[in-house]
Amino acid sequence: MKTAEVAEEDEFSNEMFELAQGGLLMNKEAIVEETKKFVKAKMDGEGSGHDWWHIVRVYNNALEIARHEKDADRFIVELGALLHDIADHKFGYTDADRERIIGEFLAPLAVEQTVIDQVTYIANFISFKGGKNTHVMQTPEGKIVQDADRLDAMGAIGIGRAFTYGGHVQRLMYNPKEAAEQTEGEDTIAHFYEKLLLLKDRMNTETGKRKAQARHETMKYFLACFFREWQGE
Ligand code: ADP
Ligand code: NI
């Protein structure tokens, strides 16, 4: 009898707490589902390698890494992964635009401002920005989502995305007039040397490092095959 009364009281205070949060009785799971719908609608059909399936892969990679990282808040990892490419600078948005778009979406779902700030921080600092982003992620959730995003630029998926991007901007697959070990270039193979082969040494988490190593080997194997075939072997 006593236990039942306590349980009822608890239920009541939970409800009051949720009502006080803005009248929206949404739990974290429902907020994540809403976020998926929002991001999917925004990114579906994007042709430069930032389509909805990129977001799904980053989300899954991030959750897998988060399972091994005790300090990370899973809710922030989920929202950060789903929103990491929203209003990205390469689509012409500024940091202020991104902050506003993320805030305008999450605040009406009664997500706490501290969580919104963490998610915005991830979206603002995740990008490689052609190597110009030297910021080191300061939060466990940021480290995880950044690793997950980097993993998706590596391995078989990363190879696929690189050539998708190259086609999108009408780049040659490979231009043999340029040396293979170059640091700047106009073709997609050059992108491996400018960025993709550097990623394994930039991973933040142990799980990220381990997964990156395997994907790095896949890319090295692909490049070796590519050059052999280029020579007609
Ligand atoms: P982010 O800003 O999130 O790091 P990018 O726009 O740099 O993402 O990359 C998105 C995808 O397109 C990645 O898979 C990346 O390897 C690929 N990509 C970006 N730039 C090039 C390029 N110059 N050539 C080929 N692929 C590219
Ligand atoms: Ni991304």
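Here are the numbers:
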read-out: Elements of type helices (runs of 4 or more DSSP H) in region 59-172, at least 2 residues being within 12 Å of ligand 1 (Cβ to nearest atom) and in contact with a helix residue (DSSP H, G or I) (Cβ under 9 Å, 6 or more places away or on another chain); value: 113-125, 140-151, 155-168
read-out: The one condition in (1) within 13 Å of ligand 1 (Cβ to nearest atom); (2) out of contact with any Gly (no Cβ under 9 Å at 6 or more places or on another chain); (3) among the β-branched types (Val, Ile, Thr); (4) outside any loop (DSSP other than H, G, I, E, B) that Val56 fails to fulfil; value: (1)
read-out: The one condition in (1) without any contact (Cβ under 8 Å) to a residue 12 or more places away in the chain; (2) surrounded by fewer than 15 Cβ atoms within 10 Å (Cβ to Cβ); (3) more than 13 Å from ligand 2 (Cβ to nearest atom) that His68 fails to fulfil; value: (1)
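For every residue, the table says whether it meets (1) modelled with pLDDT of 95 or more; (2) among the aromatic types (Phe, Trp, Tyr); (3) away from ligand 2 (no atom under 13 Å from the Cβ); (4) farther than 17 Å from Ile86 by Cα.
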position: Arg100; (1), (2), (3), (4): yes, no, yes, no
position: Ala107; (1), (2), (3), (4): yes, no, yes, no
position: Glu112; (1), (2), (3), (4): yes, no, yes, yes
position: Ile122; (1), (2), (3), (4): yes, no, no, no
position: Val136; (1), (2), (3), (4): no, no, yes, yes
position: Gly142; (1), (2), (3), (4): yes, no, yes, no
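The values are calculated or read from the model by the stated rules, or taken from the named source; none is laboratory data. Values in this document were obtained by computation on a predicted structure and should not be read as measured data. Positions of Cβ are backbone-derived with ideal geometry, glycine not excepted, and every protein chain shown enters the neighbour counts.
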